[in-house]
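Here is the structure we will look at, set down as structure tokens.
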Amino acid sequence: FDLIREVEKMREQLLLNRLDDIGKNLAQTDGALLLLGLGSVGIEVERLDAYSDLDFFVIVKPGFKPRFIDQLDWLEAVYPLAYSFQNTKDGHKILFEDGIYGEFAIFEEQEMTSIAYSAGRIVWQDALFTNQNLGTPRQKTDVARPETVDYALNEALTNLYVGLCRYARGEKLSGVKFIETSAVDNIISILHLVQQEKDYFPDVFGNERRVEKRFPEFAKRMSSMMQGYENVPASALEILAYIEKIYPVNQQMSNEIKRLSAICLQEKSNF
């Protein structure tokens, strides 16, 4: 165990060192102004682990954005790339030859006022670039966290109903998505209202992030709510049971969900 942890710590340090090295190379690259580390290589380094990746922005001078997107020599000079894929108009997903994965975007300074991002850490900044505020986003972004449970839980109930109808007619994949994705997502969106949330880096872009550490009691039930392609009816019943535990479910809707689940389970056993 100690050896595994030592390897993990080395990996964590390698990630931070790689980002520092990118900053050092940007200092020698015409057009670069600032390197902003985000997520676990930003201001949330406490959650950095061996499975983290590099998430960063590079701020460039006006007119230099295409150069940094189209030519990745500024990264290749740090460490060879094994893979790159331009996933947005602003940047790439990348994989270095030593297995370090990353995602980056290139912006000019004026673009930063109109984009949504989590607060970041300035890793490198050109001495002549005086803007010290780019680590803090101007656009406030909050993932949907309702103030009441009614909408989300009723949506979850209808997700179960529609999903079971799809599943019963043979549209199993659609049923999986309605029940094990949409219904569960709706429940997760209101967990902060029904359980004590542990303070562990909530993500403004996704309620599901780190839910195992933020809501450990709910996490114990998740495997029974997501039993997979062949067991969706059982998943639906587990989700319904959880909703009924925390919310006064309409009896007719509950009965219909149980009826449809029974039909699906019977068809499975007949098959």
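Some observations on this one:
- Among the GluC sites (Glu not before Pro) in region 84-126, those placed in a DSSP loop whose Cβ has at most 15 other Cβ atoms within 10 Å are GLU97.
- Stretch gain in nm, segment ARG221-TYR101, where the contour uses 0.36 nm per residue and the Cα spacing is subtracted: 40.1 nm
- Simple Cβ-charge dipole of region 1-115, Lys/Arg +1 and Asp/Glu -1, about Cα centre, in debye nearest 20: 220
- Compared with the direct C-alpha span, the chain from GLN86 to GLU230 gains 48.3 nm at full extension, assuming 0.36 nm per residue.
- Our summary gives region 1-54 a relative contact order of 41 percent, counting only alpha carbon pairs under 8 angstrom and 6 or more residues apart.
- Radius 13 Å from Cβ of TYR247, net charge of other residues (Lys, Arg +1; Asp, Glu -1): -2
- Accessible surface, 1.4 Å probe, highest first, among residues LYS61, LYS213, LYS245: LYS245, LYS213, LYS61
- Taking label positions 7 Å along the Cα-Cβ direction at both SER114 and THR148, the computed distance is 3.7 nm, reported to one decimal.
- The chain: projected area of the alpha-carbon convex hull, averaged over directions, in nm²: 18.1
- Across TYR229, TYR151, the residue with the most accessible area heads the list, and the full order at a 1.4 Å probe is TYR151, TYR229.
- Cross-link table LYS61/LYS89; LYS24/LYS65; LYS24/LYS61; LYS177/LYS258; LYS220/LYS245; LYS89/LYS177, entries beyond 21 Å C-alpha to C-alpha: LYS89/LYS177
- Averaging the sequence gap over all C-alpha pairs within less than 8 Å and six or more residues apart, then dividing by the number of residues, gives the chain a relative contact order of 14 percent.
- In this simple spin-label model, placing a label point 7 Å from the Cα along the Cα-to-Cβ direction at both GLN28 and ASP73 gives a separation of 1.3 nm.
- For the pair GLN195 and GLU171 in one chain, pulling the backbone fully straight at 0.36 nm per residue adds 5.2 nm over the alpha carbon distance.
- Among the GluC sites (Glu not before Pro) found in region 151-193, those both in a DSSP coil and sparsely packed, with 14 or fewer other Cβ atoms within 10 Å of their Cβ, are GLU171.
- Taking every DSSP beta bridge that has both ends in the chain, the antiparallel portion is near 70%.
- Integer Hz, Karplus 6.51/-1.76/1.60 couplings in order for region 235-249, x for Gly and Pro: 4, 4, 5, 5, 5, 4, 4, 5, 4, 5, 6, 10, 8, x, 6
- Relative contact order of region 205-271: 24 percent, from C-alpha pairs under 8 Å at least 6 residues apart in sequence.
The values are calculated or read from the model by the stated rules, or taken from the named source; none is laboratory data. Values in this document were obtained by computation on a predicted structure and should not be read as measured data. With ideal geometry, Cβ positions are generated from the backbone for all residues, glycine too; neighbour counts draw on all protein chains shown. Ligands, DNA and RNA are excluded from the accessible area calculation, which covers all protein heavy atoms including side chains. Shrake-Rupley method; radii C 1.70, N 1.55, O 1.52, S 1.80 Å.
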